[in-house]
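Structure, as structure tokens:
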């Protein structure tokens, strides 16, 4: 079978994600740079998730490995380890939008979370697959409990499963265009649709962006058209946007914000 250049590159990239027994669990450079990115504002926190997902396309994570202890023939206990091909149960917590798989950037971060945990390297792709099996919508939280913790929401997880970089919804021009085209079939007064990361009340206090999107729907009020008709048209447009398959796949939750504008 003849592979294209893109297929060869992706295959080589995935081969680099194989388990490396010489890996001692140190913080890898691209992951370190992503976690060190500014995170004072909401957009900075969201962009840090984008940068981290990009780093994890080629860099691995650290996960805690359960160790079974049982007696041998002498009556003493020994540790039963797990190999790289075993089905390793990853820690899962219930997040605001669904189950969240926990993974760590380094053995040091894992030890800070649980000093008794045994670290093991795991490809980010395999962690992402585990997240999709944990429930829907899937998410991964990296370095839970640290000041630089990051949540990768559903679309970022699915991109990792495929070994691809994640195009964040607020950077996806075609998504906004598709939403606008769909909306104007119901309400001709809608002039723009804008997609931004958003915080829920709990996320704003914690300083962690969890994947919520705000979709601003800008519409012009037409004074010569019946107001009740305009409200119905707008409601129909908002419902169509909320059900749009690309938007549903992009985020675990969406907040629709209609905004009247004047084009005069």
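Determine the relative contact order of the stretch 169-261: mean sequence separation of Cα pairs under 8 Å and six or more apart, normalised by residue count, in whole percent. Before the final figure, lay out the partial values.
On the way: 137 pairs, mean separation 31.5, N = 93.
The value is 34 percent.
For the stretch 169-261, how big is Rg over Rh, using alpha carbon atoms and the Kirkwood form of Rh?
1.02
Tell me, 47, 201 in order of fewest to most beta-carbon neighbours within 10 Å?
So the residues, fewest neighbours to most, are 201, 47.
Arranged by the count of other C-beta atoms within 10 angstrom, fewest first, what order do 140, 190, 241 take? Walk me through the numbers before you get to the answer.
On the way: 140 28, 190 24, 241 21.
In increasing order of surrounding Cβ atoms, one gets 241, 190, 140.
For the stretch 160-216, count the residues as N, evaluate 2.2 N^0.38 Å, and divide the Cα radius of gyration by that value, please. The partial results should precede the final answer.
Numbers: Rg = 14.4 Å, N = 57, 2.2 N^0.38 = 10.2 Å.
My calculation over the Cα atoms of the stretch 160-216 gives 1.40.
To check you understand DSSP bridge types, tell me what percent of the beta bridges within the stretch 169-261 (both residues inside) are antiparallel, rounded to 5.
45
When the expected Rg is taken as 2.2 N^0.38 Å, what fraction or multiple of it is the alpha-carbon Rg of the stretch 106-264?
Working: Rg = 19.7 Å, N = 159, 2.2 N^0.38 = 15.1 Å.
The reported ratio for this selection is 1.31.
Among 231, 147, which comes first, then next, by fewest other beta-carbon atoms within 10 Å?
147, 231
Per residue, what volume in Å³ does the convex hull of the Cα atoms of the stretch 90-181 enclose?
Taking only Cα atoms, the stretch 90-181 has a hull volume of 115 Å³ per residue.
Read-outs: derived from the displayed coordinates by stated rules, not from any lab. Note that the structure is a prediction, hence the values are computed from the model and not measured. Using ideal geometry, Cβ is built from the backbone for each residue, glycine included, and neighbour counts are taken over all protein chains shown.
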